[in-house]
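The values are calculated or read from the model by the stated rules, or taken from the named source; none is laboratory data. No experiment lies behind these values; they were computed from the predicted model shown. Cβ placement follows ideal geometry from the backbone for every residue including glycine, while neighbour counts extend to all protein chains displayed.
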Amino acid sequence: MPAIDVTDVTFQSEVIDRSMTTPVVVDLWAEWCGPCRTIGPILERVTDATDGQVVLAKVNVDENPGVSQAFQVQSIPAVYALKDGQVVDGFVGAYPEHVIEQFVQSLLPSASAVRIAELVAAGDEASLRAALELEPANESAIVALAELLVEQGQADEALQLLARIPETERTRKVAAAARLSTSPADDYDQQLAALLDRVKSDDDARQQFVDILELMGPDDPRTAQYRRQLTSRLY
């Protein structure tokens, strides 16, 4: 894909956010910089050859001081590679094409990573289990498989899977659904009201209360109200 011209305004979406799924090479340049005009076309060629697996973002440092400050640029050309929102590699100055090509090639996903992504995208139980054979702690595969297991009534296995990885917003919701699957709530208000008097002295009641709030989610206007009630009962 062609290079993207990035500004201070678009840097978050075009570079940071995009790097969560695709490696991004940031080329910091200026019109007056001779070496920039040398490596710019090289960067465009070698990133274009990846067929979208690596994206090139070009930033004119004179017009975008915010990005320059973020990278603490002292001289250009300066080139940085980002994955998952973090700088993972970079260089300053002009280098020959074979060096720049190696730099870009190092950002490409391995054959194993590509296969795992394909299996996770397939989304069926067999594919997800195959992905975990290749990478036992792959968060996307674990969460997707745990969701399937909850739907199949296999809550215990789902919770065991989720225990492999650190707790996140995604895992908390699936874990809550797993724990509540044996006693689903038809009326959240009625169930929360019944649990409220027990939350201080009953660990199971407190966990069930929290799990229901997790399933309701932050967008439900009742969630904040019930969290305040829980806090007042506990403290």
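One residue stands out in segment 4-56 among those that are in a helix (DSSP H, G or I) and among the charged types (D, E, K, R): the one that is farthest from residue 114 (Cα to Cα), namely 37. Answer yes or no: is there a residue in segment 203-211 that is within 19 Å of residue 178 (Cα to Cα), within 26 Å of the chain's Cα centre (by Cα) and not charged (D, E, K, R). Taking every residue of segment 203-211 in turn, at least one turns out to be within 19 Å of residue 178 (Cα to Cα), within 26 Å of the chain's Cα centre (by Cα) and not charged (D, E, K, R). For segment 27-75, residues that are crowded, with 19+ Cβ neighbours inside 10 Å, under 18 Å from residue 103 (Cβ atoms) and of a type in the set (Ser, Thr, Tyr) total 1. Filtering segment 200-228 to residues that are buried (at least 16 other Cβ atoms within 10 Å of the Cβ), touching a residue at least 24 places away in the same chain (Cβ under 8 Å) and over 26 Å from residue 160 (Cβ atoms) leaves only 226.
Total residues in segment 148-178 satisfying the condition of being acidic (Asp, Glu), closer than 20 Å to residue 216 by Cα and in a helix (DSSP H, G or I): the figure is 2. Screening residue 126 against (1) at pLDDT 95 or above; (2) touching a helix residue (DSSP H, G or I) at 6+ places or on another chain (Cβ under 8 Å); (3) more than 17 Å from residue 42 (Cβ to Cβ) leaves a single unmet condition, (2). Of all the residues in segment 179-199, those that are farther than 23 Å from residue 161 by Cα and either in contact (Cβ under 8 Å) with a residue 24 or more places away in the chain or not in a helix (DSSP H, G or I) (or both) number 10.
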